[in-house]
1. GNM on the chain, C-alpha springs below 10 Å: top fluctuator among 205, 276, 154?
2. Using only the alpha-carbon atoms, how far is helix 110-127 inclined from the longest principal axis of the chain? Give it as 0 to 90 degrees, nearest 10.
3. Relative contact order of segment 234-426, please, whole-number percent, based on alpha carbon pairs below 8 angstrom and at least 6 residues apart.
4. Quick one: check the C-alpha center-to-center distance for segment 178-193 versus segment 286-360, whole angstrom.
5. Per-residue ellipticity at 222 nm for the chain, helices alone: DSSP H runs ≥ 4 residues times -39500 (n - 2.57), over residue total, nearest 500 deg cm²/dmol?
6. Taking springs between alpha-carbon atoms closer than 10 angstrom, which of 393, 227, 33 fluctuates most in the Gaussian network model of the chain?
7. Where does each of 246, 79, 55, 427 land when they are ranked from fewest to most other beta-carbon atoms within 10 angstrom?
8. Need one number: % antiparallel among DSSP beta bridges in segment 314-428, to the nearest 5.
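Nothing in this text is a laboratory measurement; each read-out follows from the coordinates by a stated rule. If you're wondering where the values come from, they're calculated on a predicted model, not measured in any experiment. Every residue, glycine as well, gets a Cβ built from its backbone with ideal geometry; the counts of neighbours run over all protein chains shown.
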């Protein structure tokens, strides 16, 4: 196995020990990292499996958080000075540090990223026959702050924290060596970067990329816009939920709200839906959806409306439109805790409006990617919406993120996606 994780200042073997196939610096050798010491008893959450350190958990008398540079690598210690691992720091955020390794001797270099990405790749290759998936999903793949989506030979990368931003050269080099992609795009436009004090930008850093990229999901082909599209260019997390929705679409009139590039609606049309209406506020998204309908030979089944979904629901109700399947997959309407009240009201209005367009016996697929809207809260919003409309509702399935978006058992924030499949009939 490749001898990895070498200390940058010591290359001779007398300073190294071998363990688990890797070479590490011997104990006591300066790793050129400052310590970040935790206050008394604040290591319990880390020892239980979590990877985050909050600013109020640090012993600011011993190691003031404000003394570190954004993205700086540190050796994390408990209150007694016992090493807990290696993390990167951002003194300007509530989550002031994120653990990269529980081994305090590890060197965070290209070989570190090669190893972690190889592990992530091995899992995806067991799960999928084709190279279209989320390759790296942050904390769940041991790389907090890093997202990598794979679109065949094109990679879309997000470095969402100051620590990962500083490590971009090592990340890009590791991905190049691991997969030899045709192109790598840094798609750094997420709201998380704003919290980290990082600029927003999209940049092609490897290869050439012009026009759209073709992927396949659930047997349906899609052209996606990696450079100009939303997030990384595609939302792989709903893959399994879209597959189930497609089974429910055969012979039905389908409404796809917040349709983006047609991920739900085009798959429904390809699965035998009678007709599909796609509604989105973005002209670019509507254009992609049109292109994807043609790509799959279902252009005659799909129509498009650009506009505000709330206004569409009001107009559709007035026009007495009816659908056998309504898909409601809005963007995150609650991005911060302070948005919870307004966001819950928006989800309530959307679900009530969607229910009013269902034929008796129709199915509503109601989804949310807002972490702060907990599953039990969306459950209750749906219950209340059904009673408000004097409908009988039964959940026939519940969904979460696909297996390429693994959930970290100690970090509930990674279990962000939820979807309810609701059978709706007339009141009992």
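1. For the chain, modelled as a Gaussian network with Cα springs under 10 Å, the answer is 205.
2. Around 30 degrees separate the two axes.
3. 21
4. 29
5. Taken over the chain, the calculation gives -8000 deg cm²/dmol.
6. Top of the fluctuation ranking is 33.
7. Taking fewest neighbouring Cβ atoms as first place, the list is 427, 79, 55, 246.
8. Details: 15 of 20 bridges.
Antiparallel: roughly 75 percent of the beta bridges in segment 314-428.
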